[in-house]
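As structure tokens, the structure follows; a few thoughts come after it.
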Amino acid sequence: MAATQQRARELTDELVQHIYGTLVDETNITPREVVKGGSLGQGTAVDGEFDLDLIIITEDITLKQIMPDSNSEPDFSYWLNQLKRYLHATLASACRILTVTKHAVIFDYFGKTQGTGAIKVDMLISPYVQNLRELYYFLQQLKEEYQYNFSVCTSKWQVEFVSGQPNEVKDLIRKMKMWRNSIWTNPRTRPKSYLISLLVIKAFEKAKESGSSSAKDVTIKLQEMIRDHKTLNILWSRNYSEGYGGDLKIPADCLRSPRLLDPANPFNNMYTSGTSTQSTSGADDKWFEIAGHIATLDLREANGTKA
């Protein structure tokens, strides 16, 4: 059973406090910060579907430890297995571990306190990055296929970007997520939530520039953007200014349309990475699929779907 909004917040706070209080004793990993990401952390959760990314940021791991040289594949497995053992040792009766991927330990969290419902958690770990300049210049030394693996290091800035949007924008994001969920019932094949958030934010900005940011006008802008997806050229450069200069070498597909650059990471083109596919051709197919449904979107409706 999914948790209520209130229960989901309680479970999130309880889990974060548990990590701060016990992680170092069990693993020798000291959490400098635990970032609450996903829909719960960004303030865009849809009732009945609460996903939480918990990113443990630590100074006990360095970028070089994850990837000793530019030709080796990034490897988080040692630290993720430590986190899995930590959950077994300290929260065996409060969670159910589902799987361990290359980037996360995924589990359902029921909580230590009385209550009903659970939240799905992706627990990730990241080296502490003092600033984005440090990360960007590290990433440009890597093969393009490995750069995406370090998106976890930008999670703090991703969360700040979405959670800092006006409440009316976050409400529109929730509605578009509901619309998406009604079409793609399998979470593994649907457009990612972060992509949905970025599309709504940009559509809201475009509508506001045109003189009206009503739900109707934002819907129209979204429909235009998605139908003309091959010409998408979207980026926000407020974070890139810390490390984005003429000498920064970012991938070719991040320099030309179609592109929707992650506002925290100019090496991450969400046009491809946000579609649950692994290639530009696969992304094109997914965008055409989204475009085929976009006429049914209506952000004036409570569930985001045209009546």
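Worth a mention:
- Restricting 80, 98, 87 to residues that are under 13 Å from residue 122 (Cβ atoms), free of Cβ contacts under 8 Å to residues at least 40 places away in the same chain and assigned to a helix (DSSP H, G or I) narrows the list to 87.
- Any hit, region 134-155, residues being touching a residue at least 12 places away in the same chain (Cβ under 8 Å), in contact with a Cys (Cβ under 7 Å, 6 or more places away or on another chain) and open to solvent by less than 40 Å² (accessible area, probe 1.4 Å): yes
- Looking only at residues in region 101-115 that are β-branched (Val, Ile, Thr) and either open to solvent by 30 Å² or more (accessible area, probe 1.4 Å) or touching a residue at least 40 places away in the same chain (Cβ under 8 Å) (or both), the one that is farthest from residue 54 (Cα to Cα) is 113.
- Restricting attention to region 212-268, the residues being modelled with pLDDT under 90 and assigned to a helix (DSSP H, G or I) number 6.
- In region 156-186, of all residues being of a type in the set (S, T, N, Q) and outside any helix (DSSP H, G or I), the one that is surrounded by the most Cβ atoms within 10 Å (Cβ to Cβ) corresponds to 165.
- Whenever a residue of region 254-266 is surrounded by 19 or more Cβ atoms within 10 Å (Cβ to Cβ), its partners that are modelled with pLDDT of 90 or more and charged (D, E, K, R), lying with C-beta atoms within less than 6 angstrom and at least six residues away or across chains, give the pairs 258/230.
- Hits in region 41-74 (condition: in contact with a Pro (Cβ under 9 Å, 6 or more places away or on another chain) and either in a loop (DSSP other than H, G, I, E, B) or not charged (D, E, K, R) (or both)): 56, 57, 58, 59, 60, 61, 62, 63, 65, 66, 67
The values are calculated or read from the model by the stated rules, or taken from the named source; none is laboratory data. Keep in mind that what you see is a predicted model, and the values were worked out from it rather than measured. Don't worry about glycine lacking a Cβ; one is built from the backbone with ideal geometry, like all the others, and counts go over all protein chains shown. Ligands, DNA and RNA are stripped out before the accessible areas are found, and what is left, the full protein with its side chains, is counted by its heavy atoms. Shrake-Rupley method; radii C 1.70, N 1.55, O 1.52, S 1.80 Å.
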